[in-house]
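Scroll down for the structure; my scribbles are underneath it.
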Number of protein chains: 2
Amino acid sequence: MNHDSSLVNRLTDRLIAGELRPGDRLSEASLAKEFDVSRNTLREAFRVLGEQGLVTHIPHRGVSVASPSTADVVDIYRVRHHVECSVLEHAPRNHPNAAHMEAAVEAAAKFAAEENWLEVGTANMAFHNAVVSLSDSRRLARSFANVLAELRLAFLKVEVLDFLHAPFIERNREVIEVYRNESPAAAAAKLGTYLGDSERQVLGAYARAGQG
Amino acid sequence: MNHDSSLVNRLTDRLIAGELRPGDRLSEASLAKEFDVSRNTLREAFRVLGEQGLVTHIPHRGVSVASPSTADVVDIYRVRHHVECSVLEHAPRNHPNAAHMEAAVEAAAKFAAEENWLEVGTANMAFHNAVVSLSDSRRLARSFANVLAELRLAFLKVEVLDFLHAPFIERNREVIEVYRNESPAAAAAKLGTYLGDSERQVLGAYARAGQG
DNA sequence: GCGTCTATCTTTGTTCAACAATGCATGCTA
DNA sequence: TAGCATGCATTGTTGAACAAAGATAGACGC
């Protein structure tokens, strides 16, 4: 089955797994051979990834793995603030998908104990995607997932997955707690401050790495 | 210049202008001939439009102009509520882009006087895109623009552009007023109720048209 | 040595022709 | 009329080919 979606997924997996590092050039010829598809088919997949922001396309210079700048990081956190906080604030209490949030946090805690930071990051992404899923909007969830995937490339770029994610496991747990026992609005406020802290940490890592 | 972006734009223009109606099948062969590009190039453009939600792709059955269902409309309005209201609520007072909002409303009023409802709709889209531009986030603006373009297909589907847009010109003006003279939060609340009314009207039109 | 210019090479952009795979329509059979 | 088989049209994918733009490297003058 060489359906395009499958090819897009295979490429996305590699990107999120960090096998293809931010900034890496993606040669059409070599990747086509590697995935055993034609150049044309690969290019169709590239368009999708480009639209999702995972890949940067420069005319006549090909595509490369997106390498988010600090400006991109700021932009991404703006999206996160607006989307995540608004969704959480207006979420009904006891939305069934809160279970997904909880499951993601527990998964993150498990992987953190194993010091498998890549998977901690994946679980963290799942947590925030679960938050947005409280909106019951497929479109919002999809767009947001794209933005989060792009943010993961930012993490991979500065290569500091551990301490960026570790402190937030407990804070995510608290968000669930407040959402369940106090109010969605209070949880949204809490999440907002956490996002602000997270953004600051990422930008700090960028500054230390000397990256633009 | 047969750059893909240009092809995507040409296709998007046709979609938004209503030349290609929702549900219309887009034959690769005939469109390739019409735009004088190869099938492969056209297919790359289709991927982009599919990712943007303007076009529906069913394997081995080709692409057709997206024909939003009532469920899609509801989903789209969920996005609108979360994004537009959140952005407006947290927008700084006197954001320079408020001028864009104002310009869009005046354009809409002008076209309404000419009873050019298609352009009124375009101006209305511009207004709401301007609202989201207050977030200063390119990503949010892009994703939102895609969703609005999809919503326009919903309008075209039920073919009632006039009364769907007309009443909202004045209400948009009021939103600007409140944003400027009262507070962004109050403006966001006002916009929220307007969006609710708008959604109800569109769904009503769907019901009358007997569309799913 | 250094920068610049040009020639060459590599990669992308696009087209075309071919064939496989799938879905659709037609007409046949019962 | 319902169900089925056959043929037809469209999409999915490939490979080769060439044009076009950028990257590289060597020659040249200073």
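The values are calculated or read from the model by the stated rules, or taken from the named source; none is laboratory data. Keep in mind that this is a model prediction, so the values were computed, not measured. All Cβ positions, glycine included, derive from the backbone under ideal geometry; neighbour counts span all protein chains shown. Just so you know, the surface numbers come from the protein's heavy atoms only, side chains and all, with ligands and any DNA or RNA stripped out. Shrake-Rupley method; radii C 1.70, N 1.55, O 1.52, S 1.80 Å.
Here are the numbers:
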read-out: Region B:1-112: relative contact order as a whole-number percent, Cα under 8 Å and 6+ apart; value: 24 percent
read-out: Positive-end residue of A:35, A:46, A:62, charge dipole of region A:4-65 with Cβ unit charges; value: A:62
read-out: Where chain B is the region considered: accessible area per residue in Å², 1.4 Å probe; value: 44 Å²
read-out: Farthest positive-ward along the protein assembly as shown dipole, Cα basis, beta-carbon charges - from A:90, A:16, A:172; value: A:16
read-out: Helix-derived mean residue ellipticity, 222 nm - over the protein assembly as shown, DSSP H n ≥ 4, -39500 (n - 2.57), to 500; value: -23500 deg cm²/dmol
read-out: Area projected by the alpha carbon convex hull of region B:116-190, averaged over all directions, nm²; value: 5.2 nm²
read-out: Heavy-atom accessible surface of the protein assembly as shown: percent carbon and sulfur, 1.4 Å; value: 50 percent
read-out: Cα radius of gyration and Dmax for the protein assembly as shown (Å); value: 22.1, 68
read-out: Sequence ranges B:77-87, A:64-74, B:139-149, ranked by mean other-Cβ count within 10 angstrom, highest first; value: B:77-87, B:139-149, A:64-74
read-out: Net dipole in debye of region B:76-190 [+1 Lys, Arg Cβ; -1 Asp, Glu Cβ; about Cα centre; nearest 20]; value: 500 debye
read-out: Dipole magnitude of the protein assembly as shown about its Cα centre (Cβ charges: Lys, Arg +1; Asp, Glu -1), debye to nearest 20; value: 520 debye
read-out: Chains A and B, summed buried accessible surface - 1.4 Å probe, Å², nearest 100; value: 2800 Å²
read-out: Charged-residue dipole, Cβ positions (Lys, Arg, Asp, Glu), chain B about Cα centre, Debye nearest 20; value: 540 debye
read-out: Relative contact order for chain A, counting Cα pairs under 8 Å that sit 6 or more residues apart, in percent; value: 25 percent
read-out: Estimated Rh, region B:70-209: Kirkwood, alpha-carbon pairs, angstrom; value: 14.9 Å
